[in-house]
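As structure tokens, the structure follows; a few thoughts come after it.
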Amino acid sequence: MNIEEQKEIKLKANEIRTLAIKMIYNAQSGHPGGSLSASDILSVLYFKVLNVDPKNPEWSKRDRFVMSKGHASAAYYASLALKGYFPINDLFTFRKLGSILQGHPTIHVPGVDMTTGSLGQGFSTAIGMAIAGKLDKADYNIYVLIGDGEMDEGIVWEAMINAPHNNLDNLIAILDRNKYQLDGSTENILPLGDIESKIKAFGWEVQSINGHDIEEIYNAIKISQNKNGKPKMIVANTVKGKGVSFMENTHEFHGKAPNKEQYEKAIKELETEREKILKEGST
Amino acid sequence: MESQRVAYGETLLEIGEDEKIVVLDADLSSSTHTIMFGNKYKERFFNMGIQEQNEVGVAAGLARSGKIVFASSFAVFIVGRAYDIIRQSIAYTNLNVKIVATHAGLTVGEDGATHQMLEDIGIMSGLPNFRVIAPADAPETRKVIKKIAYMDGPFYVRLSREKVPTLLNDYEFELGKGILFKDGHDLTIISTGITLSIAVDAANDLKAKGIDAAVIHMPTLKPIDSELVSKYAKNTGKVITVEEHSIYNGLGSRVAEIIAEHGTAKLKRIGVMDQFGESGPGWALLEKYGISKENIIKKSMEIIR
């Protein structure tokens, strides 16, 4: 990926973050921490990887994407709107009465491949989609984004042991390893420990990357598209709340909206970051 | 006597040529008889291992990709263990998954209370988009499976382990319609699932006592045939419900709601009182827990008085 492309994707990630914060502030509810940690991954997926058509969201040959960590719906909806599935203005109905944009993603929203929110289920349904792809001898891939807190759920490990058995090399899972869950640090609440080795032991091909480095995310996905009979897991090491200083590395903003003062500070920081990205490479 | 679960397996085999059909099981395929499909259509049969939650999640993913999915296990496991996944990923999404559970109710027998699901009609009827069906015998099971395979959206079908008397060879299954098996004027016995033969036996004995009982079989618990219930509640003024399910939230509760709303009849409910079952032969358990001809006759005499 060249510098200009990287810059584009960084700008989109910045837009996703900004919109997510605006949506959550506007709704006075939602999940900023996990939205911000996932924004760079979402940006690479939607603006560089996924073979989808926003004009035809149910196109049968599309790549599938399942947002298993459904609480990061703000960043997800922002990505879909920026991709052109629905107007950006609709984002400000998020979590309001009568809105199509429910608190957690539902398949009624154009571009959403699976309803999620109860943790672990998206990961399992993605296995079903991958099996369907195999049965249909289809070329598309299934991408699924899961959270590290989500790994506590038993269904994740049921699915984990199942995918290699079915040779699902059309399945690419990305783990948003931001190290915090609602009540605190993942390593205090239920330590995942050496998660890479655990997943590898289940028969997956595992890579570990910096989940905020656009090029690393993209390269890891390209490597994962290899059809070698194995499902792929990319452990994306991220920062919870990435991009807003006072939301970083804390569980405090897992599921809490910023107040007015915090909101203004967050937007200012994201604007500063945007200006920094715009200056990149323009020597 | 014929087995509903064998009828289920045979029907899957019969409709299995359709490449859209995919069947999942959780290491009970030789008991649920989905293996009959699995042996012939290996590539479209997935034994998930003992993981009901992932089974249901995978079913949802397959259905979202255009497949007609049958997912089976024992009722106590697929409903009990996988409820949240059924709720979020199949009911809320309104996806095309048919959950066909065998070994429902007391007639599981010797395996005991851990395996005897008595709450599933209530649990599954509470889920929007789900239709809930309890066939009475093997021929009706065949008709139900064939029909729902080509009706869009989620279904829950409740089958038993025991072989049951064949009664409905000559009856069509229509979703949401009760079957008037025997007409009568003095009281109405309404049954769902495999207790139909017990209700019919009771009605025959009542006839000898000069009591003319109507017998209605209610295969669809949701949407229930409230029109037929209202009509017979009004005409006979006395209703007895019979089911191999908890007294709470099953057929009896639904009929009570309909009667209460129309205010037309006296009602007595026969089912498992608020308690667990135990080990023993299936039909003997039904007797012990009052789901019997004798109890129907006793309750009939009480309600007639």
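The values are calculated or read from the model by the stated rules, or taken from the named source; none is laboratory data. These numbers were taken from a predicted model, which means no experiment stands behind them. As a convention, Cβ positions derive from the backbone with ideal geometry for all residues, glycine included, and neighbour counts pool all protein chains shown. Areas reflect the complete protein model, heavy atoms only, side chains present, ligands, DNA and RNA absent. Shrake-Rupley method; radii C 1.70, N 1.55, O 1.52, S 1.80 Å.
Accessible area per residue for the stretch A:3-279 in Å², computed with a 1.4 Å probe and the full protein assembly in place, what is it?
Accessible area per residue: 38 Å².
Quick one: of B:Lys209/B:Lys231; B:Lys42/B:Lys147; A:Lys22/A:Lys242, which pairs are farther than 19 Å apart, Cα to Cα?
As for pairs spanning more than 19 Å Cα to Cα, those are B:Lys209/B:Lys231; B:Lys42/B:Lys147.
Any idea of the total accessible area buried by the A-B contact, 1.4 Å probe, rounded to 100 Å²?
Separately minus together, A and B give about 2100 Å² buried.
Roughly how many percent of the accessible protein surface of chain A is carbon and sulfur, given a 1.4 Å probe and a whole-percent answer?
It is 49 percent, rounded to a whole number.
Within chain A, what is the longest stretch that has no trypsin sites (Lys or Arg not before Pro) placed in a DSSP loop and near at most 13 other beta-carbon atoms within 10 Å?
Longest stretch, sites excluded: A:138-226.
Between B:Ile99, B:Ile15, B:Ile35, find the one with the highest GNM mean-square fluctuation for chain B; connect C-alpha pairs within less than 10 Å.
Highest fluctuation among the options: B:Ile15.
Report, to the nearest 10°, how far helix A:32-44 tilts away from the longest principal axis of the Cα atoms in chain A, using its own Cα long axis and a range of 0 to 90°.
That works out to roughly 60 degrees.
Work out, step by step, the length gained on full extension between A:Lys200 and A:Ile223: first 0.36 nm times the residue separation, then minus their alpha carbon distance; give nm to one decimal.
6.7 nm
In nm, to one decimal, how far is the modelled label at A:Leu190 from the one at A:Glu280, with both set 7 Å along Cα→Cβ?
3.6 nm
Take every DSSP beta bridge whose two residues both sit in chain B, then give the antiparallel share in percent to the nearest 5.
So the antiparallel bridges in chain B amount to around 15 percent.
To one decimal place, what Kirkwood hydrodynamic radius in Å is obtained for the stretch B:115-246 from all pairs of distinct Cα atoms?
Roughly 15.2 Å, rounded to one decimal.
Tell me, what is the percent relative contact order of the stretch B:224-273, built from C-alpha pairs under 8 Å that lie six or more residues apart?
48 percent
Using all C-alpha to C-alpha distances in the stretch A:3-279, build P(r) with 5 Å bins and read off the rounded percent in each one.
That works out to 1, 6, 13, 19, 20, 18, 13, 7, 3, 1, 0, in percent per bin.
Rounded to the nearest angstrom and ordered from largest down, what semi-axes does the equivalent ellipsoid of the stretch B:2-164 get from its C-alpha gyration tensor (root of 5λ)?
Computed over the stretch B:2-164, the values are 20, 18, 15 Å.
Calculate the radius of gyration of the Cα atoms of the protein assembly as shown to one decimal place, then report Dmax, the largest Cα-Cα distance, as a whole number, both in Å.
27.5, 103
Share of antiparallel DSSP beta bridges in the protein assembly as shown, in percent to the nearest 5?
15 percent
In the structure displayed, which of B:Lys177/B:Lys207; B:Lys40/B:Lys163; A:Lys198/A:Lys232 lie more than 18 Å apart, Cα to Cα?
With Cα atoms farther than 18 Å apart: B:Lys177/B:Lys207; B:Lys40/B:Lys163.
Can you give the Rg to Rh ratio of chain B, both from alpha-carbon atoms, with Rh computed by the Kirkwood formula?
Reported Rg/Rh (Cα atoms, Kirkwood Rh): 0.97.
Taking the Cα centre of chain B as the origin, how large is its charge dipole in debye, to the nearest 20, when only Lys and Arg (+1) and Asp and Glu (-1) carry charge on their Cβ atoms?
540 debye
Restricting to bridges with both residues inside the stretch A:3-279, how much of the DSSP beta-bridge set is antiparallel, in percent to the nearest 5?
10 percent
Which residues of the stretch B:39-59 end up with at least 20 Å² less accessible area in the presence of all protein chains than when their chain stands alone, using a 1.4 Å probe?
Residues passing the criterion (a loss of at least 20 Å², heavy atoms only) are B:Phe46, B:Met48, B:Gln51, B:Gln53, B:Asn54, B:Gly57, B:Val58.
Counting alpha carbon pairs within less than 8 Å and at least 6 residues apart, what relative contact order, in whole percent, applies to the stretch B:179-304?
RCO, the stretch B:179-304: 28 percent.
Find the relative contact order for the stretch B:2-164 and round it to a whole percent, using C-alpha pairs within less than 8 Å whose residues are 6+ positions apart.
Result for the stretch B:2-164 is 28 percent.
Do the sum for the protein assembly as shown: with -39,500 (n - 2.57) for every DSSP H run of n ≥ 4, divided by all residues, what is the mean residue ellipticity at 222 nm, to the nearest 500 deg cm²/dmol?
Taken over the protein assembly as shown, the calculation gives -12000 deg cm²/dmol.
Find the accessible area per residue for the stretch B:1-60; the probe is 1.4 Å, ligands and nucleic acids are left out, and the unit is Å².
38 Å²
Taking only Cα atoms, what is the 0 to 90° angle, nearest 10, from helix A:73-83's long axis to the longest principal axis of chain A?
The angle comes out at about 90 degrees.
Return the carbon/sulfur percentage of the accessible area of chain B, one whole number, probe 1.4 Å, all protein chains in place.
Exposed carbon and sulfur together represent 49 percent of the surface.
Tally Lys/Arg at +1 and Asp/Glu at -1 over every other residue whose Cβ is under 15 Å from the Cβ of A:Lys279; what's the total?
Counting the neighbours of A:Lys279, the net charge comes to -2.
Please give the helix A:154-165 orientation as an angle from the longest Cα principal axis of chain A, in degrees from 0 to 90, rounded to the nearest 10.
Helix A:154-165 sits at roughly 50 degrees to that axis.
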